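Quick note: the coordinates plus some simple rules give every number you see, no bench work behind them. Only a predicted model underlies this, so the values are computations on that prediction, with no experimental measurement involved. Because the Cβ atoms are built from the backbone with ideal geometry, glycine has one as well, and the counts that use them run over all protein chains shown.
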Protein chains: 2
Amino acid sequence: MSNMETHKKLTIGLFGFGVVGEGLYKVLHQTPSLNANIKKVCIKNPGKKRNAPAELFTTSREEILSDPEINVVVEVINESEPAFEIVSTAIKNGKAVVSASKKMIAEHLTEILDLQKTYEQPFLYESAACASIPVIRNLEEYYDNDLLHSMRAIVNGSTNFILTKMFEDKLDFKQALILAQQLGFAEVDPSLDVEGYDAVNKWTFLLTHAYGIIEKPSNIVFTGIQNIQAGDAGVAKEKNFQIKLVAQAKKLNNGKVAAFVLPQFVTAEEPLSFVKNEFNGVVIESGFADKQFFYGKGAGSFPTASAVLSDISALRYHYRYEYKKLYHHTPNKLTDEFFIRVYVSFDDWKYVPRDKFEWIEEWHAEQDRKYLIGVLPFSSLRESNWWRENNTSLILSPDPIIEDIEIRKLKKMSLELAGILD
Amino acid sequence: MSNMETHKKLTIGLFGFGVVGEGLYKVLHQTPSLNANIKKVCIKNPGKKRNAPAELFTTSREEILSDPEINVVVEVINESEPAFEIVSTAIKNGKAVVSASKKMIAEHLTEILDLQKTYEQPFLYESAACASIPVIRNLEEYYDNDLLHSMRAIVNGSTNFILTKMFEDKLDFKQALILAQQLGFAEVDPSLDVEGYDAVNKWTFLLTHAYGIIEKPSNIVFTGIQNIQAGDAGVAKEKNFQIKLVAQAKKLNNGKVAAFVLPQFVTAEEPLSFVKNEFNGVVIESGFADKQFFYGKGAGSFPTASAVLSDISALRYHYRYEYKKLYHHTPNKLTDEFFIRVYVSFDDWKYVPRDKFEWIEEWHAEQDRKYLIGVLPFSSLRESNWWRENNTSLILSPDPIIEDIEIRKLKKMSLELAGILD
């Protein structure tokens with residue numbers, strides 16, 4: 001095919017030789033058709049034994065960043081700030097960059113967008129979102145002209161593994177976490193995953209590709225699964241729900257976007273209920289394509305390396321993200337002007353500001369643990385921390401968003417219903 | 001972004017203004033950012049009332065095919081032969097082509113590949129595979145370097161709708177079919193869907209993108225759901241299975257590919273069990289990315305139009321399929337050298353050639369209907385028709401493929417087990 005002729009030969013400088021870096025090295029060896037070759041690997045610790053020839057390694061960043069023959073820098077290190085230094089220098093030096101560093105990308109998104117604009121170099125990071133699921137590519141290429149009503153996703157494999165074990169094997173949170181660590185699905189310091197930081201980092205740049213939104217991760221309301229209790233799983237089971245840590249975004253009638261990362265009850269009909277263990281899943285609802293669901297491994301050496309490989313492969317034909325929702329459409333804006341229906345379980349009523357609720361639909365008090373279901377203005381979650389302190393566990397209802405225009409009617413109905421029941 | 005500068009303005013000539021054509025017309029009106037404009041629509045029946053200005057329409061193919069200003073031909077008519085004439089003339093006249101005609105593409109695959117090679121024009125047909133699911137694009141772009149172990153899919157929404165209704169609402173086949181027709185999910189002449197022709201047509205070119213295989217649809221063993229009985233659904237339910245019409249392909253240890261379209265029992269753990277009603281689903285298992293699952297609407301005006309739209313959008317940056325598995329790798333070959341485990345239900349033993357079975361694991365005889373589970377050489381399905389005649393219903397077991405190298409060990413185990421049980 002004639003478009004083959006324009007394919008670049010790729011000479012790669014790799015930063016990092018952990019599970020992903022080594023996975024990529026192996027994967028590249030098994031795909032000679034790619035015409036890509038790792039020339040040098042920059043590592044921090046030269047003493048460590050590695051499964052690759054010693055002459056491949058260097059501890060000098062400059063050896064890669066200043067080598068004119070290297071036209072692709074692949075960065076799969078763990079620390080955010082060095083990663084950003086490497087990536088930005090590489091772009092400035094005229095190299096295409098592939099990165100897997102979600103935290104770095106989320107925290108430096110504006111600078112990264114500016115660098116791409118100024119130096120016109122491709123910067124691809126599919127593996128940073130859901131590892132093997134091509135969600136960025138499909139948002140960029142396939143849903144670029146469609147109207148995205150909503151997007152919801154399980155983007156963190158560790159927390160999903162823990163929740164699955166809490167549900168299916170009735171482990172408590174700590175047992176499930178230890179099992180996840182033993183199997184390599186959770187870090188030794190698991191807080192980045194468990195408390196939702198990893199998920200909100202990924203959600204930050206997925207919001208850019210889906211809606212043209214640019215926000216700091218710290219500006220998106222989120223939590224993790226650290227407060228979910230075995231009792232919550234019991235309540236969920238009674239209602240035939242599962243509990244998932246769901247990252248979501250929905251375009252509201254006011255034209256703005258509601259977006260957050262919170263635990264949620266998920267019904268059996270919802271595709272995300274199918275996502276078990278370390279898998280990830282993304283549900284996209286759009287004007288024309290209707291409901292789409294992507295499912296795949298969201299973590300692990302080879303699934304992540306396969307996404308890095310696909311990005312490298314795309315560089316051969318000079319592929320770049322266009323960020324169409326940001327540059328060619330009117331970018332969307334985040335809003336807090338909506339309400340959410342939540343389940344809250346807690347040790348004592350004193351920890352729950354009942355006056356913040358628009359109404360409460362259900363409440364139960366048992367010896368040790370109490371719970372209620374009610375409706376809150378979303379802004380109240382941003383303004384205070386009661387819902388993630390004092391052992392309190394907040395879980396969204398299925399289909400949790402209630403828009404401003406619906407709230408009055410629903411409140412009236414709910415109060416009438418309460419009157420009848422009293 | 002600088003790559004915007006290379007974007008073509010697209011002037012479209014559209015063939016066909018049925019549900020998909022009209023859907024596309026509406027969808028394009030809602031996406032002005034695409035910079036694409038329908039100049040003329042060729043229709044067969046000028047008398048019919050249409051929801052678009054009269055001056056848009058013509059009955060002359062030439063008016064579109066010879067118009068030098070039109071650089072994109074979109075073909076969404078139903079008849080295969082006229083579609084091929086239109087598509088091949090358009091390519092020869094230097095136009096990019098987007099088509100939704102699965103039957104035409106399957107039947108003229110070799111010619112279409114040759115035309116693309118000779119005239120170097122893009123010919124895109126994502127909507128022909130699974131409508132809104134971007135399966136071709138992902139096979140081309142995302143799994144191009146990965147080793148595909150297997151691919152299995154529900155590619156026909158009508159049959160899946162009928163099966164769902166037989167299962168969930170306990171309708172018999174005919175009632176479910178009538179309901180599908182009433183809701184617009186099945187044609188007035190439903191045989192193309194129901195008897196598996198539509199599925200095998202789609203599978204033909206998906207095999208090309210996944211494995212570089214080029215075969216006539218008639219050379220792929222297939223059937224539909226026409227012989228499935230309410231009793232089969234009952235047996236499935238007992239075993240906690242569902243019945244799906246599954247198109248599948250698997251790379252065997254001998255390096256060749258097993259591929260067919262047959263009804264199959266599907267376990268609750270299998271992602272395809274999640275695919276209900278008119279939805280489609282594709283499961284890809286690969287060396288690096290592991291298990292992936294894509295799910296979305298496989299039929300309907302807007303879901304199909306959205307895929308056509310994505311193809312049109314891709315033409316702006318001169319996108320073409322590369323058929324890498326065909327041209328840049330060693331293309332794979334189909335094989336019949338394997339065995340399959342099947343369930344067969346039938347009216348009378350005389351219709352089942354028991355001597356063709358390697359062994360039979362289970363059999364049941366009730367008043368009106370009998371069934372057995374056993375293992376057959378796959379070639380026996382190609383060589384005879386007993387399994388789709390005389391009201392006989394053949395359904396594959398979950399994980400039905402048994403490779404040559406396993407068969408002797410399994411046969412020995414099975415015969416020993418039968419001896420113990422006798």
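In nanometres and ascending order, the distances from the residue B:50 label point to those of the other copies are 6.2 (point 7 Å from Cα along Cα→Cβ).
Segment A:132-208 and segment B:17-34 have their alpha-carbon centroids 36 Å apart.
Of the residues A:123, A:136, A:80, the one whose Cα sits farthest toward the positive end of the charge dipole of segment A:1-145, with +1 on the Cβ of Lys and Arg and -1 on the Cβ of Asp and Glu, is A:80. For chain B, the 222 nm mean residue ellipticity estimated from helices alone, with every DSSP H stretch of n ≥ 4 adding -39500 (n - 2.57) and the total spread over all residues, rounds to -10000 deg cm²/dmol. The other copies place their residue A:174 label points at 6.5 nm from this one, listed shortest first, where each point is 7 Å from Cα along Cα→Cβ. Karplus-based coupling profile of segment A:309-318, in residue order and whole Hz: 4, 5, 5, 4, 4, 5, 5, 4, 10, 6, with θ = phi - 60° in 6.51 cos²θ - 1.76 cosθ + 1.60 and x standing for Gly or Pro.
Residues whose amide H falls under 5 Å from that of residue A:361, counting only those 5 or more places apart or on a different chain, are A:373, A:374, A:375, with hydrogens built in the peptide plane.
Do you know the relative contact order of segment B:270-368, to the nearest whole percent, from alpha carbon pairs under 8 angstrom that are 6+ apart? Kindly include the intermediate steps, with their values, before the conclusion.
Details: 41 pairs, mean separation 12.7, N = 99.
Here the relative contact order equals 13 percent.
Relative to the longest principal axis of the Cα atoms of chain A, the long axis of helix A:173-182 makes an angle of roughly 10 degrees. Charge dipole (Cα centre; +1 on Lys/Arg Cβ, -1 on Asp/Glu Cβ; no other charges) of the protein assembly as shown amounts to roughly 880 debye.
Average partner chain C-beta neighbours within 10 Å, per residue of B:307-314? Intermediate results must be reported in sequence, preceding the final value.
Details: counts 3, 1, 6, 9, 1, 1, 6, 3.
For this peptide, the per-residue mean of nearby foreign Cβ atoms is 4.
Based on alpha-carbon positions alone, could you give the equivalent ellipsoid semi-axes of the protein assembly as shown from the gyration tensor, as √(5λ), descending, whole Å?
In descending order, the three semi-axes are 40, 36, 31 Å.
DSSP beta bridges fully contained in the protein assembly as shown are about 70 percent antiparallel. For peptide A:317-328, the mean count of partner chain Cβ atoms within 10 Å of a residue's Cβ comes to 3.
By the rule of a C-alpha distance below 14 Å, with chain neighbours fewer than 8 residues away ignored, the aspartates and glutamates paired with residue A:409 are A:358.
Between helix A:109-119 and chain A there is an angle of about 30 degrees, using the helix long axis and the longest principal axis of the Cα atoms. Here segment A:2-130 yields Rg over Rh of 0.95, to two decimals, using C-alpha coordinates and the Kirkwood radius.
Determine one quarter of the surface area of the Cα convex hull of segment A:44-89, which equals its mean projected area, and express it in nm² to one decimal. Show your work: numbers first, answer last.
Numbers: hull surface 15.1 nm².
Result: 3.8 nm².
Close lysine pairs were tallied over segment B:2-130: pairs 8 or more places apart or on different chains with Cα atoms under 19 Å apart number 18. Looking at chain A, the pairs of alpha carbons with a distance over 26 Å make up 57% of the total. Using the reciprocal of the averaged 1/r over all distinct C-alpha pairs, how large is the Kirkwood radius of segment A:199-346 in Å? It is 17.5 Å. Loop-located GluC sites (Glu not before Pro) across segment A:350-405 with a Cβ neighbour count of 12 or fewer within 10 Å are A:366, A:389, with loop assigned by DSSP.
Here the 3J(HN,Hα) profile of segment B:296-308, calculated from phi with Karplus coefficients 6.51, -1.76 and 1.60 at θ = phi - 60°, is x, 6, x, 7, x, 4, 6, x, 5, 4, 5, 5, 4 Hz, Gly and Pro shown as x. Cα axis of helix B:80-92 to longest principal axis of chain B: angle in degrees, 0 to 90, nearest 10? Computed tilt is about 50 degrees.
The convex hull built on the alpha-carbon positions of segment A:338-421 has an orientation-averaged projected area of 5.7 nm². The Cα center of segment A:47-63 and the Cα center of segment A:324-371 differ in position by 50 Å. With 21 Å as the limit, the listed pairs A:170/A:237; B:202/B:244; A:250/A:291; A:216/B:291; A:251/B:276 have A:216/B:291; A:251/B:276 beyond it between alpha carbons. Percent antiparallel among DSSP beta bridges with both residues in chain B, to the nearest 5? Close to 70 percent.
Each peptide in B:61-69, B:291-299 was scored by the mean count of other Cβ atoms within 10 Å over its residues; highest first, the order is B:291-299, B:61-69.
Sequentially through segment A:153-170, phi angles give Karplus couplings (6.51, -1.76, 1.60; θ = phi - 60°) of 7, 9, 10, 10, x, 4, 5, 5, 4, 4, 4, 4, 5, 4, 7, 7, 10, 6 Hz, Gly and Pro residues having no value and appearing as x.
Let's see if you can work this out: charge +1 on each Lys and Arg Cβ, -1 on each Asp and Glu Cβ, no other charges. What is the dipole magnitude of segment A:67-169 about its Cα centre, in debye to the nearest 20?
Result for segment A:67-169 is approximately 200 debye, rounded to the nearest 20.
Among B:205, B:279, B:167, the largest mean-square fluctuation in a Gaussian network model of chain B, built with springs joining Cα atoms closer than 10 Å, belongs to B:167.
Where nothing but the Cβ of Lys and Arg (+1) and of Asp and Glu (-1) is charged, how large is the charge dipole of segment B:135-248 around its Cα centre, in debye to the nearest 20?
On the way: 10 positive and 15 negative charges, 59 e Å.
Magnitude of the dipole: close to 280 debye.
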